[in-house]
Amino acid sequence: MKASTPIGIVVCIVGILAGATIEGTPLGGLLNIPAILVIFGGIAGVSIATSGMEVMKLMPTLYKKAMTPEFPDHAQTVRELVGFAEKARKEGLLALEPAIAEVDDAFTKKGLQLTVDGTDPDLVREVLEVEIESMEARHRVGQKLFKDAGGYAPTIGVLGTVMGLLHVMQLLQTPELLGPAIAGAFMATLYGVGSANVVFLPTAGRLAALTQTEVLNRTLVIEGILAIQAGENPRVVSERLLGFLPPADREAAAEQGAPTLQAVPEAQAA
């Protein structure tokens with residue numbers, strides 16, 4: 001589900017607030033402007049110091065990507081590659097050149113172009129794997145931003161609480177003010193721990209999962225293109241690629257028309 005991350009975060013927040021309400025905690029008392037400034041101002045500062053301003057500017061974009069992700073369609077990728085395999089087997093690799101311009105994915109387009117140009121298969125694999133490694137390195141920068149924020153937030157929360165308790169110590173002569181002051185001091189810890197475990201770390205995990213999904217899709221492309229270059233039977237290409245997918249995606253690919261070796265004579269599948 002594309003919206004699973006925001007749904008999960010909302011469920012978590014609602015559960016926490018509902019539990020607090022049942023225990024008698026007034027929700028209005030959870031709003032503390034000084035604690036918000038300490039936590040989120042501190043997190044922004046240490047994130048800039050750690051990752052740099054340019055990476056920090058990407059945070060809204062990365063949030064959007066995590067909350068409304070665009071997953072690659074593995075089944076569609078398999079079907080497309082099997083279609084190229086069928087065309088290449090019937091008409092030769094050069095017949096794929098006109099179709100390359102119609103391919104939307106730049107990674108697939110590069111692989112097909114290298115194949116049509118007669119590039120050595122080992123070099124094709126090397127070039128495309130470098131692309132995957134480069135993509136993973138770029139994505140790790142964004143994931144690290146949220147992991148670091150999730151790591152710093154609780155500590156900054158404790159720092160805010162200590163600052164609040166210093167203020168509490170100045171109120172010992174006025175006992176009627178101690179309760180609200182202590183509650184306000186601990187709000188910083190609440191915001192720090194809460195933001196880390198409800199927002200920052202789940203977002204980092206979601207971004208990492210999206211990267212792995214993209215890596216899988218690109219792995220399918222590499223294996224499919226090399227199989228096409230080797231002149232393998234389209235049904236064998238399909239089975240090879242479907243082996244990378246979980247059962248649900250295999251069924252989706254079959255429904256979209258990707259051929260399989262089931263009920264196919266060995267002479268045709270060879």
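All of the numbers you see were taken from the coordinates with simple rules; none came from a lab. All values reported here derive from a predicted model rather than from experimental measurement. FYI the Cβ positions are ideal-geometry reconstructions off the backbone, even for glycines, and counts take in every protein chain you see.
Every helix of 4 or more DSSP H residues in the chain counts as -39500 (n - 2.57), and over all residues that averages to -24500 deg cm²/dmol at 222 nm. Legend: helices of the chain (whole DSSP H runs) are marked when their alpha-carbon atoms reach 24 angstrom or more along the helix axis and their mean Kyte-Doolittle hydropathy is at least -1.0; marked are 4-22, 33-51, 74-91, 121-169, 178-195, 201-229.
Using Cβ counts within 10 Å as a stand-in for footprinting exposure, how do Arg140, Arg218, Arg240 rank, fewest first? Lowest to highest Cβ neighbour count: Arg140, Arg240, Arg218.
Among the GluC sites (Glu not before Pro) in segment 88-129, those placed in a DSSP loop whose Cβ has at most 16 other Cβ atoms within 10 Å are Glu102.
Total lysine pairs in segment 1-152 at Cα distances under 21 Å, for residues eight or more apart or on different chains: 12. Taken about its Cα centre, the chain carries a charge dipole of roughly 840 debye when the Cβ of each Lys and Arg holds +1 and the Cβ of each Asp and Glu holds -1.
Going by a ≥ b ≥ c, the root eigenvalues of the Cα gyration tensor, does the chain fall in the rounded group (a/c under 1.5), the prolate group (a/b larger than b/c) or the oblate group? It is prolate, given that a/c is not under 1.5 and a/b is the larger ratio. Applying 1/(1 + (r/R0)^6) with r as the Cβ-Cβ distance of Asp104 and Thr61 and R0 = 22 angstrom yields a FRET efficiency of 0.55.
Here is the list for segment 57-130: trypsin sites (Lys or Arg not before Pro) lying in DSSP coil, each with at most 12 other C-beta atoms within 10 angstrom of its C-beta, are Lys57.
Averaging the Cα positions of each part gives two centres, and for segment 128-149 and segment 81-105 these lie 31 Å apart.
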